[in-house]
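Every number in this text was worked out from the coordinates using simple rules, so none of it is lab data. A quick note: this is a predicted structure, and the numbers were derived from the prediction, not measured. A quick note on method: Cβ atoms are made from the backbone with ideal geometry, for glycine too, and the neighbour counts reach across all protein chains shown.
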Amino acid sequence: MLRNSFCHVLIVILAVKSGKIKIIMVILDYKGYKENKGYKSLPFYVQSEIIYDFTVEFCDRYVDKRSRTHDQMVQSGRSGKQNIAEGYLQKSIEGKLKLLGVSRGSLEELLNDYQDFLRQRGLPLWKPDSSKAQAVRRLVYNDYNSYKNYKVYISGPEEAANCMVCLINQTNQLLDQKLRWLEEKFVKEGGFRENLFKKRLEYRKSL
């Protein structure tokens, strides 16, 4: 698969006949291709997946596995990710708003858990404009943002917790923007059931 800034090239094997491979080359608009990748390409989904994976390892290292906090933090991380996925499978704006709201709430709960972890252990909370926090915040701008970019911070409890505080805040900001956009869209266009009803009325009038 080849890629440049202008197009996306797919080479598709159609058939193998008499030892010869027949292929077709399809040129696709690269921007359109990215837009159709679905929710898994959304920055806040990618970041929520990193948060979940990091939290699982964080809790196994620094939180008693028998404690309720361990389970709650892991579940909050999972909920933050899963509800984005489920939200984007909804046909209605209402359904998407509800599930993205659940995701936002779960990440806020997890953010508080990380802040409590630092406070209860007398560890410093990095200021947003500090060089350490800024270094973490810049990681989201990598072309291929993934958990590997953040693993360096898991080695110490202060660095690990502060890393997640930074990333969760960034993710929550993106979710807040998306929720505001969906609310405005709902006010202007109505919901799925409302639009279905309108189409039904239009159909009946056309009979």
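So for the range 38-201, Kirkwood radius off the Cα pairs, Stokes-Einstein at 4 °C and 1.567 mPa s: how many µm² s⁻¹?
On the way: Rh = 16.8 Å.
In µm²/s, the coefficient is 77.
Annotation: average projected area of the range 63-125 is 4.7 square nanometres, based on the convex hull of Cα atoms across all directions.
Can you sort TRP181, TRP126 by how many other beta carbons sit within 10 Å, fewest first? Please list the in-between numbers first.
On the way: TRP181 10, TRP126 21.
So the residues, fewest neighbours to most, are TRP181, TRP126.
Near THR69, once Lys and Arg are set to +1 and Asp and Glu to -1 for all other residues with Cβ below 12 Å from its Cβ, the sum equals -2.
Global dimensions of the range 86-163 from alpha-carbon coordinates: Rg and Dmax equal 15.8, 46 Å. Each residue in LYS148, LYS188 was given a count of other beta-carbon atoms within 10 angstrom of its own, and listing them fewest first yields LYS188, LYS148. The ranking of GLU184, GLU49, GLU94 by Cβ neighbour count inside 10 Å, starting from the fewest, reads GLU184, GLU94, GLU49.
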